[in-house]
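The values are calculated or read from the model by the stated rules, or taken from the named source; none is laboratory data. None of these values were measured; they are calculated from a predicted model. So basically every Cβ, Gly included, is an ideal-geometry build from the backbone, and we count neighbours across all protein chains shown. Note: accessible area is taken over every heavy atom of the protein model, side chains too, but ligands, DNA and RNA are not part of it. Shrake-Rupley method; radii C 1.70, N 1.55, O 1.52, S 1.80 Å.
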Amino acid sequence: MFIHPYGSALSGLCMEETRDVELVHLLLAAAEEVNNQQFHLASKLISRCMWVASDSGNPVQRLSFYFAKALEERIDRSTGRYTCTDEDRHLKYIKTMSLGTNYAFLTCHKLIPFSQVMQFAGVQTIVENVRSAKKIHLIDFNIRSGIQWIVLIQALAEKGDSPIELLKITAVGSTEKENFEVTSNTLHSFAKSLGLSFSFDIVFVSDMKDFKKESVNIKTDETVAVYCNSVLRTMLLRPDCLDNLMKVVRSIGPTIIVVGEVEANHNSPSFLNRFIETLYFYSAFFDCFEDCMDRGSPCRTTIEGVYFGEGIRNIVAAEGEDRFTRNVKLEVWRAFFARFGMVEEELSESAWYQAHLILKQFGQGSSCDLQKDGKGLIIGWKGTPIHSLSIWKLL
């Protein structure tokens, strides 16, 4: 009598659910064989995965497709069959990351709650800390489309009791300078339509280790706020850049520093630990996309294939300097910020209110978790942490 290899674990599951569990088991088995350098056995397991995996199927099939491809590439790298140039792929990935203006990313922003929850809570915090200022200078190290500042511009324009004299935004970056111009024009037009005095500066540095306090035009009568969303993690591979950035931020002396990051540990030196953590993290994202977007959506295909696919491939397949996709959890950032005399501030009740209010506007918002972590905010999907938001001041 045939006994199923997964036994009672599959009892009560429908056919599709059974296939999904088998796929995950095969992936984990393949990863273990890759870790043991049993590449022939791993390749057989990966082939079995690819019989069922699909980049257009259900969430588990899509997830398995990209992880199987990543394992194939790791085998190719380990056996000398990998011929692509990592530098070119890195530049392409950085370019993709910066394309906050493209249609797929804007659609994702509209349909997936994470970004809006982070942005509204972050903007609320900034408004609270600059409410008495007449001239506000916001320094954004990852501005992308600038859609997050539409809310701030609107909030400041509606301050009838004490209108501000100027909102200045300085965008700092090292790639895609032409996108900054598009963002500048968009924000200028919106601010003008509301009658808000607005200016936009661009600080383009080829390398963040060359960024200096003098790079930013700061006036003595300006109240400065710093916004770092999903940018610090891109410098984990280059601690000299990260240290330089924090030293410059400290020398600027902002009133408030808002930091948003990915809440996951994708930086473990252990391949197997990193694989399992990454599989767990991205499974939540693919599940979220299934609930919030149509399977046939071109935007979903683009985000999963280019953004998620490249991230998975790099975390799983690459090592050393070639592994540029790295994330660490809030507890690691706390220890890092403490070195620069930064003190974490409690997220205000108003910021929490904004976060909950945004979730109510999404049909699947109930699947999002808002958890307090110390003084910070963790937003997750069905129990899996996805992003962190923390607020910092200087001693």
Of the residues in the range 231-269, those that are over 15 Å from Ala335 (Cα atoms), of a type outside the set (Gly, Ala, Ser) and part of a strand (DSSP E or B) come to Ile256, Ile257, Val258, Val262
Would you mind stating whether Cys368 is open to solvent by less than 60 Å² (accessible area, probe 1.4 Å), touching a residue at least 40 places away in the same chain (Cβ under 8 Å) and farther than 24 Å from Cys228 by Cβ?
no
Listed by first then second residue, the pairs whose first member lies in the range 68-84 and is not assigned by the TED database to the domain that holds Cys49, whose partner is open to solvent by 50 Å² or more (accessible area, probe 1.4 Å) and not charged (D, E, K, R), with beta carbons under 6 Å and at least 6 positions apart or on separate chains, are none
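A quick yes/no check of all residues on (1) open to solvent by 50 Å² or more (accessible area, probe 1.4 Å); (2) within 18 Å of the chain's Cα centre (by Cα):
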position: Lys329; (1), (2): yes, yes
position: Arg339; (1), (2): yes, no
position: His356; (1), (2): yes, no
position: Lys372; (1), (2): yes, no
position: Gly383; (1), (2): yes, yes
position: Ile391; (1), (2): no, yes
On the basis of being among the aliphatic types (A, V, I, L, M), under 27 Å from Leu370 (Cβ atoms) and not in a loop (DSSP other than H, G, I, E, B), does Val172 make the cut? no
### Message
Taking the conditions exactly as written (free of Cβ contacts under 8 Å to residues at least 12 places away in the same chain, open to solvent by 10 Å² or more (accessible area, probe 1.4 Å) and over 17 Å from the mean Cα position of the chain (by Cα)), does Asn244 satisfy them or not?
### Response
no
Practice problem: Would you confirm whether any residue within the range 217-235 is farther than 24 Å from Thr125 by Cβ and either outside the structural domain of Ala155 (by the TED database) or open to solvent by less than 70 Å² (accessible area, probe 1.4 Å) (or both)? | Solution: no
inquiry  = When you check Asn102 against the structure, is it assigned by the TED database to the domain that holds Ala171, polar (S, T, N, Q) and either on the phi < 0 side of the Ramachandran plot or open to solvent by less than 10 Å² (accessible area, probe 1.4 Å) (or both), yes or no?
reply    = no
Considering residues that are over 21 Å from Thr107 (Cα atoms) and touching a residue at least 40 places away in the same chain (Cβ under 8 Å), the number found within the range 133-155 is 11
Is it fair to say Thr125 is farther than 21 Å from Lys393 by Cβ and not aromatic (Phe, Trp, Tyr)? no
If we ask which residues in the range 190-221 are closer than 18 Å to Ile164 by Cα and without any contact (Cβ under 8 Å) to a residue 40 or more places away in the chain, their number turns out to be 8
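Conditions tested, residue by residue: (1) surrounded by fewer than 20 Cβ atoms within 10 Å (Cβ to Cβ); (2) modelled with pLDDT of 90 or more; (3) among the β-branched types (Val, Ile, Thr); (4) under 28 Å from the mean Cα position of the chain (by Cα).
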{"position": "Ser11", "(1), (2), (3), (4)": "yes, no, no, no"}
{"position": "Phe39", "(1), (2), (3), (4)": "yes, yes, no, no"}
{"position": "Thr85", "(1), (2), (3), (4)": "yes, no, yes, yes"}
{"position": "Lys92", "(1), (2), (3), (4)": "yes, no, no, yes"}
{"position": "Leu106", "(1), (2), (3), (4)": "yes, no, no, yes"}
{"position": "Pro113", "(1), (2), (3), (4)": "no, yes, no, yes"}
{"position": "Gln119", "(1), (2), (3), (4)": "no, yes, no, yes"}
